[in-house]
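Take a look at the structure set out below.
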């Protein structure tokens, strides 16, 4: 019974994921640059009966993003999608430009 339930739920999830589609082109409606920074998070690990805090530090590099808005014929709605681009692309693109999202 558990195996059958697993198979049915896995099949349904696969169909849902396949049915999802994103826009592949549209108009740039926003540009966003995030400078390099450090993110710190703390987690707790149990060592026997003692809780030991562990601090993780991650360096996040510069990121350049654009938000593209376009019509999705499958959903028949206007949708938007964030896309990471290179620094050179970011500098050459402007809001209002038409952009084709690479596969």
- Which of the residues belonging to segment 75-88 are surrounded by 11 or more Cβ atoms within 10 Å (Cβ to Cβ) and over 18 Å from the mean Cα position of the chain (by Cα)? 75, 78, 87
- Task: Exactly one condition in (1) in contact with a strand residue (DSSP E or B) (Cβ under 7 Å, 6 or more places away or on another chain); (2) modelled with pLDDT under 95; (3) more than 30 Å from residue 99 (Cα to Cα) is not met by residue 23; state its number.
- Result: (3)
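Sort out which residues of segment 51-74 are surrounded by 10 or more Cβ atoms within 10 Å (Cβ to Cβ) and over 20 Å from the mean Cα position of the chain (by Cα), and write them in order of number.
So the first thing to find is which residues in segment 51-74 are surrounded by 10 or more Cβ atoms within 10 Å (Cβ to Cβ), and the list is 52, 60, 62-72, 74.
If the condition is that a residue be surrounded by 10 or more Cβ atoms within 10 Å (Cβ to Cβ) and over 20 Å from the mean Cα position of the chain (by Cα), then 52, 74 are the ones that fit.
The values are calculated or read from the model by the stated rules, or taken from the named source; none is laboratory data. Here the structure is a predicted model, which is why all the values come from computation and not from measurement. Backbone-built Cβ (ideal geometry, glycine too); neighbour counts: all protein chains shown.
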